[in-house]
Amino acid sequence: MLEVDTGRFTVAVFQDVAWATKGLDALKQSGFPAESLTIIAKESAEASALIDRTFGSAGERLELAGIGATIARGPLVAALQGPARDLGKLGLAGTMRRVGFQSHDARIFEVLTGRGGVLVGIRTEPRAADALAILHSYGGGNAAIGAWTGRV
């Protein structure tokens, strides 16, 4: 077994950029720093603008299995890449277990993001329940906290 230190992530998928913007604004107003946030969305001008507004710079373009062309930025992306840098090949469904999600949850995240949803992740070790409540309150679908960390 490979030991990794990924931290705990709370993840949800918003139906579109407008809803994701509201959720991200609420997270920031609640004290979650931008460097703890992650956005993964199908590549579009709106998703790119959301990443620019949230982080102050552009996201990374990735080709993800099961989704296609995406734009992404944040610590969840690095955790999903893993040492083999195989996020592109395995997609969300094949890599979300690295941050504590079961394969069926990962498949849901992948399908919703592939349909145009915006995945928002937050590195939330001390405040996971707070992040989960905010994500639910602002329309984050299938919001969940990674169940475990540290072993893949």
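The values are calculated or read from the model by the stated rules, or taken from the named source; none is laboratory data. Bear in mind the structure is a predicted one, so any value in this text is a computation, not a measurement. Note that we place each Cβ from the backbone using ideal geometry, even for glycine, and neighbour counts take in every protein chain shown.
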Check off (1) over 19 Å from Gly23 (Cβ atoms); (2) touching a Gly at 6+ places or on another chain (Cβ under 7 Å) for Ala84 and give me the number that stays unchecked.
-> (2)
Tell me which residues, restricted to segment 61-100, are outside any helix (DSSP H, G or I), within 16 Å of Val120 (Cβ to Cβ) and not hydrophobic (A, V, I, L, M, F, W, C).
-> Thr70, Arg73, Gly74
Those residues of segment 16-60 which are assigned to a loop (DSSP other than H, G, I, E, B), under 16 Å from Tyr138 (Cα atoms) and in contact with a helix residue (DSSP H, G or I) (Cβ under 7 Å, 6 or more places away or on another chain) amount to Ser30, Phe32
Looking at segment 79-110, which of the residues that are closer than 20 Å to Ala144 by Cβ and free of Cβ contacts under 8 Å to residues at least 12 places away in the same chain is surrounded by the most Cβ atoms within 10 Å (Cβ to Cβ)?
-> Ser103
Looking across segment 16-48 at residues that are within 12 Å of Leu135 (Cα to Cα), within 13 Å of the chain's Cα centre (by Cα) and of a type in the set (Gly, Ala, Ser), the single one that is surrounded by the most Cβ atoms within 10 Å (Cβ to Cβ) is Ala20
A careful count of residues in segment 114-130 that are farther than 13 Å from Ile145 by Cβ and surrounded by fewer than 24 Cβ atoms within 10 Å (Cβ to Cβ) gives 3
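Counting only residues that are within 15 Å of the chain's Cα centre (by Cα) and charged (D, E, K, R), which one in segment 59-78 is surrounded by the most Cβ atoms within 10 Å (Cβ to Cβ)? I'd like the intermediate steps shown before the answer.
Looking only at segment 59-78, we keep the residues that are within 15 Å of the chain's Cα centre (by Cα), and these are 59-62, 64, 67, 70-78.
Still in the running and charged (D, E, K, R): 60-61, 73.
On the way: Glu60: 12, Arg61: 11, Arg73: 20.
Among residues in segment 59-78 that are within 15 Å of the chain's Cα centre (by Cα) and charged (D, E, K, R), the one surrounded by the most Cβ atoms within 10 Å (Cβ to Cβ) is Arg73.
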Taking Ile51 and the conditions (1) surrounded by fewer than 16 Cβ atoms within 10 Å (Cβ to Cβ); (2) in contact with a strand residue (DSSP E or B) (Cβ under 6 Å, 6 or more places away or on another chain); (3) at pLDDT 95 or above, which numbered condition does it fall short on, given that it satisfies the others?
-> (1)
